[in-house]
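Participant: To start, I am sharing the structure in question, which I have written as structure tokens.
The values are calculated or read from the model by the stated rules, or taken from the named source; none is laboratory data. This one's a predicted model, so the numbers in the text were calculated from it and none came from an experiment. For neighbour counting, all protein chains shown are included, and Cβ atoms are generated from backbone atoms with ideal geometry for every residue, glycine included. Heavy atoms of the whole protein, side chains included, go into the accessibility calculation; ligands, DNA and RNA do not. Shrake-Rupley method; radii C 1.70, N 1.55, O 1.52, S 1.80 Å.
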Amino acid sequence: MRVIAKRTLREFWESDSRYVAAKGQLEAWHKTASKAIWQNSSDIKMQFRHASILKNHRVVFNIAGNKYRLVTVVDYTRQTIFIRFVGTHEQYDKIDAETI
């Protein structure tokens, strides 16, 4: 899968010293997702058991034991993942993951 864009992840962990702890987990997620060939949501669930599959091709990944949330849009046909949001669980609770 092609992940667009790792810069979004980097900007998150660099935005506040409190988020530096997310760096390793986000880099690990990026590495795994970049190597993946997911054909459907079941493929994602096989690798990321706790991922949430939402409407509008959204997938929410729990990062660092659910301390952070990563919202993506997955295009299985184009083998592309678009990062729509990365933030703390508290920040995630303030957004609509199905439309962001």
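Participant: Given Cα pairs under 8 Å that are at least 6 residues apart, what percent is the relative contact order of the chain? Don't skip to the end; give the middle numbers.
Facilitator: Values: 141 pairs, mean separation 27.4, N = 100.
Across the chain, relative contact order equals 27 percent.
Participant: Where in the chain is the longest stretch that carries no trypsin sites (Lys or Arg not before Pro) classed as loop by DSSP and with at most 15 other Cβ atoms within 10 Å?
Facilitator: Working: sites that count: 49, 55, 67, 78, 94.
That would be 1-48.
Participant: Where does each of 100, 44 land when they are ordered by accessible area, with a 1.4 Å probe and the largest first? Don't skip to the end; give the middle numbers.
Facilitator: Working: 100 45, 44 0 Å².
Per-residue accessible area, sorted high to low, gives 100, 44.
Participant: Then there's this: If R₀ is 22 angstrom, what is the calculated FRET efficiency for the pair residue 45 and residue 66, using the beta carbon separation as r and rounding to 0.05?
Facilitator: Numbers: r = 16 Å, r/R0 = 0.73.
Efficiency computed from Cβ-Cβ geometry: 0.85.
Participant: Another question about this same structure. In whole Å and largest first, what semi-axes does the C-alpha gyration tensor of segment 35-98 yield when each eigenvalue is scaled by 5 and square-rooted? Before the final figure, lay out each step's value.
Facilitator: On the way: eigenvalues 78, 34, 18 Å².
The three semi-axes for segment 35-98 are 20, 13, 9 Å.
Participant: Then there is this: Considering only 21, 36, 51, give the residue with the highest GNM mean-square fluctuation for the chain, with springs between Cα atoms whenever their separation is below 10 Å.
Facilitator: Among 21, 36, 51, the largest GNM mean-square fluctuation belongs to 21.
Participant: Something else: Given a cut-off of 22 Å, name the pairs among 23/55; 6/31; 6/35; 35/94 whose C-alpha atoms lie farther apart than that in the structure shown. Before the final figure, lay out the partial values.
Facilitator: Details: 23/55 28 Å; 6/31 10 Å; 6/35 14 Å; 35/94 31 Å.
Checking Cα-Cα distances, 23/55; 35/94 exceed 22 Å.
Participant: Based on DSSP H runs of at least 4 residues, each adding -39500 (n - 2.57), what is the mean residue ellipticity at 222 nm of the chain after dividing by all its residues, to the nearest 500 deg cm²/dmol? Mind showing how you got there, number by number?
Facilitator: Working: 4 runs with 34 residues, N = 100.
For the chain, the value works out to -9500 deg cm²/dmol.
Participant: Would you mind calculating the gained length between residue 75 and residue 56 on full extension (0.36 nm times residue separation, minus the Cα-Cα distance), in nm to one decimal? Write out the running numbers ahead of the final one.
Facilitator: Working: separation 19, 0.36 × 19 = 6.84 nm, distance 1.02 nm.
Computed gain between residue 75 and residue 56 is 5.8 nm.
Participant: With a 1.4 Å probe and all protein chains kept in place, how much accessible area does residue 96 have, in Å² rounded to the nearest 10?
Facilitator: Result for residue 96: roughly 80 Å² accessible.
Participant: Which ³J(HN,Hα) values, rounded to whole Hz and listed in residue order, are derived for segment 83-100 from phi using the Karplus coefficients 6.51, -1.76 and 1.60 in 6.51 cos²θ - 1.76 cosθ + 1.60 with θ = phi - 60°, glycine and proline given as x?
Facilitator: 7, 9, 6, 9, x, 6, 4, 4, 5, 4, 5, 9, 10, 9, 5, 7, 10, 5
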